[in-house]
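What follows is a single structure, written as structure tokens, with notes after it.
The values are calculated or read from the model by the stated rules, or taken from the named source; none is laboratory data. Since we're looking at a predicted model, the values are computed, not measured. Here the Cβ positions follow ideal geometry from the backbone for every residue, glycine too, while neighbour counts run over all protein chains shown.
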Amino acid sequence: MIPGMLVSAAIAVFGLLVALGLIGHPIDDQAVSPYGWSILTVGAALFVLFAFRLYLRGRRSPVA
């Protein structure tokens, strides 16, 4: 779970950098910021998914 959270956080940071225009360049005179925002959204959603799964795993009662 932790590696998945780290990878998805890295994807979200990459998306933020693209959305802010710090990396990347226009493609055929089109801005890349919408692509960056979508990458950020996917990375954040994956991070929340992994965090929720980790939370549920921690709340699971021990098997007797």
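Give region 35-47 a look and list any residue that's within 30 Å of G58 (Cα to Cα) and surrounded by 16 or more Cβ atoms within 10 Å (Cβ to Cβ), or say none. Matches in region 35-47: I39, L40, G43, A44, L46, F47. When each of V32, V13, V18, V7 is tested for being modelled with pLDDT of 85 or more and surrounded by 15 or more Cβ atoms within 10 Å (Cβ to Cβ), the lone residue that passes is V18.
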